[in-house]
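Take a look at the structure below.
The values are calculated or read from the model by the stated rules, or taken from the named source; none is laboratory data. What you see is a predicted model; the values in this text were computed from it and never measured. Counting neighbours? That spans all protein chains shown, and the Cβs are built from the backbone with ideal geometry, glycine included. Accessible surface is based on the protein model in full, side chains and every heavy atom, while ligands, DNA and RNA are left aside. Shrake-Rupley method; radii C 1.70, N 1.55, O 1.52, S 1.80 Å.
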Amino acid sequence: MRRLLVAAVFAIAACAPSLSMAGEAERADLIGKLCGDATSLGDGGRALTGIAADGSPDERAWAALIARAVLDRKLSCDSKGAVVVSSEGSLDVFTHAQRTASEQSRSPLLSLKNRALFETAEAALALRTAPDAARRSAALRALERQASSMPEHLFEAAAEQENGPGLKAQMTAVAQAAALNSADPVKRIAALARIAATPDRRALTQVRALIADPAYAANPELKRAVDAAISTIGRGIATGDVLATLYNGLSFASILFMAAIGLAVIFGLMGVINLAQGELIMIGGYVTWLVQEAMRHLVPGLLDWYLIVAIPVVFLVTAAIGIGLEAILLRHLYRRPLMSLLATWAVSLFLINLVRVTFGTQNLNFVTPFYVTGGVPVIGDFIFTWNRMFAIVFAVLTLALTWGLMRLTPLGLNIRAVTQNRTMAGCIGIPVRRVDMMAFGLGSGLAGLAGLALAPIYSVNPQMGQNFIIDSFMVVVLGGVGTIVGTVVAALGIGQVNVLIEPLWGAVAAKVIVLLMIIAFLQWRPEGLFAIKGRRK
């Protein structure tokens with residue numbers, strides 16, 4: 001055993017000089033091509049691309065320097081070989097020693113065709129050697145358009161050494177697309193299986209293109225693999241579309257619920273049509289922005305958590321505005337519904353113009369925290385986005401807290417009593433006026449929280465509240481005035497129906513159709529889905 005080990009060491013030692021000489025000979029041949037005519041120069045560019053796929057790390061680093069030098073005309077050819085001008089000075093391409101090119105030296109001049117070859121080679125080498133992820137990503141985008149003409153294992157090798165998960169997935173996808181055009185049917189069938197495992201519309205387009213390939217008709221095994229992949233990808237896309245519709249509908253329903261729950265409390269208790277409810281949503285968005293800016297200056301390290309910190313601030317500010325509005329204005333107009341309608345409309349206009357004068361009319365810029373950034377691809381084109389999930393979870397938590405407040409606290413008991421029979425509640429000693437004020441504050445605070453939930457996913461500007469007031473009233477009226485369960489069910493129904501109709505006929509037509517459906521339903525059941533028995537008419 002010892003003799004075999006010694007023999008192996010001597011064999012390696014004997015081969016090392018020859019390997020080194022072979023590498024030097026290949027480099028000398030490549031430099032000869034780069035210093036030759038236009039045809040040789042093109043061969044040199046293709047050779048550099050080959051080094052990107054098959055070369056060792058040292059060879060790729062050397063080739064990357066050469067490719068960049070040729071493009072920048074910093075390679076000078078002379079009788080001794082060639083010199084590269086780099087940040088380290090003028091270096092001999094073989095010895096890396098400092099050397100100045102002779103007076104008779106010349107730089108290779110690239111034609112348009114050869115320049116394209118060298119740009120491709122430079123991108124391929126950057127894909128394997130660039131330390132910066134952004135540079136590797138740019139190189140991948142440049143090569144993606146011509147993946148079929150690249151060496152088959154270039155992208156696979158790059159994906160194997162890539163550390164970034166996102167960029168690695170992109171490289172793998174390009175490698176799979178390149179394998180579809182391989183001359184080896186086995187590789188094409190294997191690529192079809194991998195592509196079908198992650199179905200989306202882009203994969204379907206790639207696979208369907210193979211139907212026009214002559215090999216599709218000539219090779220029965222490839223034909224079966226293509227047909228099976230198209231079927232699998234089609235099922236995945238259909239499943240993803242269904243899940244995306246449900247998820248988007250749930251997200252839209254959560255926004256509708258957040259916008260309508262406060263109005264349900266106010267309208268159900270006092271019968272007041274508060275046209276300023278949308279502006280309270282808008283104020284919630286602006287208070288959230290103020291909290292963000294305060295944290296940016298005071299605690300910039302915690303800026304990502306401004307949405308969480310803003311929750312109590314937004315609720316208290318908008319609730320205080322609601323209590324003040326009820327105490328100063330609406331308390332004197334309860335028995336005059338038309339006057340209360342006009343008064344809240346005037347308040348709406350006042351708040352819109354006050355915000356315009358104070359902050360301007362432009363959309364506010366919000367920092368996107370890490371917990372609402374990006375998403376997780378699930379199946380097909382369905383991506384589980386975190387910003388929509390934030391709105392859904394926030395709506396669920398708001399629902400739970402509102403239900404607990406209405407069912408488990410003395411204030412909630414008083415609100416339910418006044419909602420069912422205001423006169424009798426007053427006769428048994430419930431402070432009806434105080435309950436009205438607190439309920440209006442609760443409804444206003446909930447509207448402010450809706451503005452906070454909308455901040456990461458919606459444009460916050462002085463007009464944003466106008467886009468939600470009509471939808472909020474539709475939810476409240478359809479669900480049944482003053483019922484939390486009705487508000488939830490109506491928001492879910494309107495949200496899903498709207499998301500289903502909108503891709504077919506557009507957003508405006510979807511709203512019109514939903515409104516007509518609600519009108520038709522109320523003709524049959526005027527009290528809505530859920531009605532509170534004994535509510536004062």
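Looking at region 308-321, I want the residues that are open to solvent by less than 60 Å² (accessible area, probe 1.4 Å) and have a partner that is polar (S, T, N, Q) and part of a helix (DSSP H, G or I) with Cβ atoms under 8 Å, at least 6 apart or on another chain. Which pairs are those?
Close Cβ pairs (under 8 Å, with a partner that is polar (S, T, N, Q) and part of a helix (DSSP H, G or I)) amount to A310/T288; A310/Q292; V314/T288; T318/S444; A319/S444.
Select from region 154-177 the residues that are in a helix (DSSP H, G or I), buried (at least 17 other Cβ atoms within 10 Å of the Cβ) and of a type outside the set (A, V, I, L, M, F, W, C) and list them in ascending order. Walk me through it before giving the result.
In the first step, residues of region 154-177 are kept if they are in a helix (DSSP H, G or I); the result is 154-161, 165-177.
From what is left, the residues that are buried (at least 17 other Cβ atoms within 10 Å of the Cβ) are 154-159, 167, 170-177.
E156, Q170, T172, Q176 - these are the residues of region 154-177 that are in a helix (DSSP H, G or I), buried (at least 17 other Cβ atoms within 10 Å of the Cβ) and of a type outside the set (A, V, I, L, M, F, W, C).
Name the one entry in V367, V418 that is over 30 Å from L204 (Cα atoms) and not in a helix (DSSP H, G or I). Before you say what the answer is, go through the steps one by one.
Details: V418 fails: not in a helix (DSSP H, G or I).
That would be V367, the only listed residue that is over 30 Å from L204 (Cα atoms) and not in a helix (DSSP H, G or I).
Going by what's in this entry, would W345 be described as more than 25 Å from L411 (Cβ to Cβ), in contact (Cβ under 8 Å) with a residue 40 or more places away in the chain, in contact with a Leu (Cβ under 9 Å, 6 or more places away or on another chain) and surrounded by fewer than 17 Cβ atoms within 10 Å (Cβ to Cβ)?
Details: more than 25 Å from L411 (Cβ to Cβ): yes; in contact (Cβ under 8 Å) with a residue 40 or more places away in the chain: yes; in contact with a Leu (Cβ under 9 Å, 6 or more places away or on another chain): yes; surrounded by fewer than 17 Cβ atoms within 10 Å (Cβ to Cβ): yes.
Yes: the conditions hold for W345.
Check region 245-254 and report whether any residue there is open to solvent by 60 Å² or more (accessible area, probe 1.4 Å) and in a helix (DSSP H, G or I). Explain how you work it out, then say what you get.
Going residue by residue through region 245-254, those that are open to solvent by 60 Å² or more (accessible area, probe 1.4 Å) are 246, 250.
Still in the list and also in a helix (DSSP H, G or I): 246, 250.
Yes, region 245-254 contains a residue that is open to solvent by 60 Å² or more (accessible area, probe 1.4 Å) and in a helix (DSSP H, G or I).
For region 299-320, give me each residue that is assigned to a helix (DSSP H, G or I) and of a type in the set (V, I, T). Lay out the reasoning, then the answer.
Taking region 299-320 first, the residues assigned to a helix (DSSP H, G or I) are 300-320.
Matches in region 299-320: I308, V309, I311, V313, V314, V317, T318.
What is the number of the single condition among (1) within 21 Å of L127 (Cβ to Cβ); (2) in contact with a Ser or Thr (Cβ under 8 Å, 6 or more places away or on another chain); (3) modelled with pLDDT under 85; (4) not acidic (D, E) that R99 does not meet?
Checking R99 against (1) within 21 Å of L127 (Cβ to Cβ); (2) in contact with a Ser or Thr (Cβ under 8 Å, 6 or more places away or on another chain); (3) modelled with pLDDT under 85; (4) not acidic (D, E), the one that fails is (1).
Test of understanding: among R331, R335, R296, which residue is open to solvent by 50 Å² or more (accessible area, probe 1.4 Å), more than 27 Å from F394 (Cβ to Cβ), part of a helix (DSSP H, G or I) and out of contact with any His (no Cβ under 7 Å at 6 or more places or on another chain)? Spell out how you get there, then give the answer.
Numbers: R335 fails: part of a helix (DSSP H, G or I); R296 fails: more than 27 Å from F394 (Cβ to Cβ).
Answer to the check: R331.
To keep it simple, each residue is scored yes or no on (1) over 27 Å from H96 (Cβ atoms); (2) open to solvent by less than 60 Å² (accessible area, probe 1.4 Å); (3) at pLDDT 50 or above.
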{"site": "L4", "(1), (2), (3)": "yes, no, no"}
{"site": "A7", "(1), (2), (3)": "yes, yes, no"}
{"site": "A16", "(1), (2), (3)": "no, yes, no"}
{"site": "L19", "(1), (2), (3)": "no, no, no"}
{"site": "E24", "(1), (2), (3)": "no, no, yes"}
{"site": "D29", "(1), (2), (3)": "no, no, yes"}
{"site": "L34", "(1), (2), (3)": "no, yes, yes"}
{"site": "G42", "(1), (2), (3)": "no, yes, yes"}
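Return a yes/no flag: does region 216-227 have any residue that is closer than 30 Å to G360 by Cβ and either touching a residue at least 12 places away in the same chain (Cβ under 8 Å) or open to solvent by less than 10 Å² (accessible area, probe 1.4 Å) (or both). Quick ask: steps written out before the conclusion?
Initial filter on region 216-227 (closer than 30 Å to G360 by Cβ): none.
No, the conditions are met nowhere in region 216-227.
Mind checking which residues of region 89-102 are in contact with a strand residue (DSSP E or B) (Cβ under 8 Å, 6 or more places away or on another chain) and either of a type in the set (G, A, S) or open to solvent by 20 Å² or more (accessible area, probe 1.4 Å) (or both)? Explain how you work it out, then say what you get.
Quick first cut of region 89-102, residues in contact with a strand residue (DSSP E or B) (Cβ under 8 Å, 6 or more places away or on another chain) only: 89-94, 97-102.
Residues satisfying the conditions are G89, S90, F94, A97, Q98, R99, T100, A101, S102.
When you go through (1) without any contact (Cβ under 8 Å) to a residue 12 or more places away in the chain; (2) part of a loop (DSSP other than H, G, I, E, B); (3) surrounded by 19 or more Cβ atoms within 10 Å (Cβ to Cβ); (4) not acidic (D, E) one by one for G429, which number turns out not to apply?
Answer for G429: the failing condition is (3).
Go through region 103-129 and give me each residue that's open to solvent by 20 Å² or more (accessible area, probe 1.4 Å), part of a loop (DSSP other than H, G, I, E, B) and at pLDDT 80 or above.
S105, S107, L109, L110, S111
Run down R202, R194 and say which single residue is assigned to a helix (DSSP H, G or I) and within 24 Å of the chain's Cα centre (by Cα).
Details: R194 fails: within 24 Å of the chain's Cα centre (by Cα).
Answer to the selection: R202.
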